[in-house]
Amino acid sequence: MLLNQILSRQNMLLALKRVEQNKGSHGVDMMPVQNLRQHILENWPSIKEAILQGTYEPMPVRRVEIPKP
């Protein structure tokens, strides 16, 4: 199942490393990227289970308009 591949530990760690390397900005929850790793370590099992059960409701995404010619 594709969702299991997406939610695999290896894929999630790769995504986390990319965000940390890019020094990503905080989301709508205002959590600094520096706190993200600890948050994921503490909460990943319950987040993953909610995603697999279809009950996870993510927060809205911050939107930034980028002017284009």
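The values are calculated or read from the model by the stated rules, or taken from the named source; none is laboratory data. This structure is a prediction, so every number in the text was calculated from the model and none was measured. Ideal geometry is used to build each Cβ from the backbone, glycine not excepted, and the neighbour counts take in all protein chains shown. Only protein heavy atoms, including side chains, enter the accessible area calculation; ligands, DNA and RNA are left aside. Shrake-Rupley method; radii C 1.70, N 1.55, O 1.52, S 1.80 Å.
Side notes on the structure shown:
- Residues within the reach of a label modelled at residue 6 (point 7 angstrom out along Cα to beta-carbon, backbone nitrogen below 11 Å), restricted to segment 25-69, are 51-52.
- Solvent-accessible surface (1.4 angstrom probe) belonging to residue 37, in square angstrom, nearest 10: 90 Å²
- For log10 I(q)/I(0) by the Debye sum over Cα atoms at q = 0.21 Å⁻¹, computed directly from the structure shown, the correct entry in (i) -1.09; (ii) -0.95; (iii) -0.86 is (i).
- Point-charge dipole on Cβ atoms (K/R +1, D/E -1) for the chain, about Cα centre, debye to 20: 320 debye
- Comparing mean-square fluctuations of 49, 20, 57 from a GNM of the chain with C-alpha springs under 10 Å, the top value falls on 57.
- Karplus 3J(HN,Hα) series, Hz, for segment 39-46 with 6.51 cos²θ - 1.76 cosθ + 1.60 (x for Gly, Pro): 4, 5, 4, 7, 10, 4, x, 6
- Candidate lysines for bridging to residue 48, where Cα separation is under 27 Å - those fewer than 8 sequence places away on the same chain excluded: 17, 23
- Measuring only protein heavy atoms, the 1.4 Å probe finds residue 59 accessible over about 110 Å².
- Rounded to the nearest Hz, the phi-derived 3J(HN,Hα) couplings of segment 19-27 under the Karplus curve 6.51 cos²θ - 1.76 cosθ + 1.60 (θ = phi - 60°) are 4, 5, 5, 7, 6, x, 7, 5, x, where x marks glycine and proline.
- With a Förster radius of 30 Å applied to the beta-carbon distance between residue 65 and residue 33, the computed FRET efficiency rounds to 0.85.
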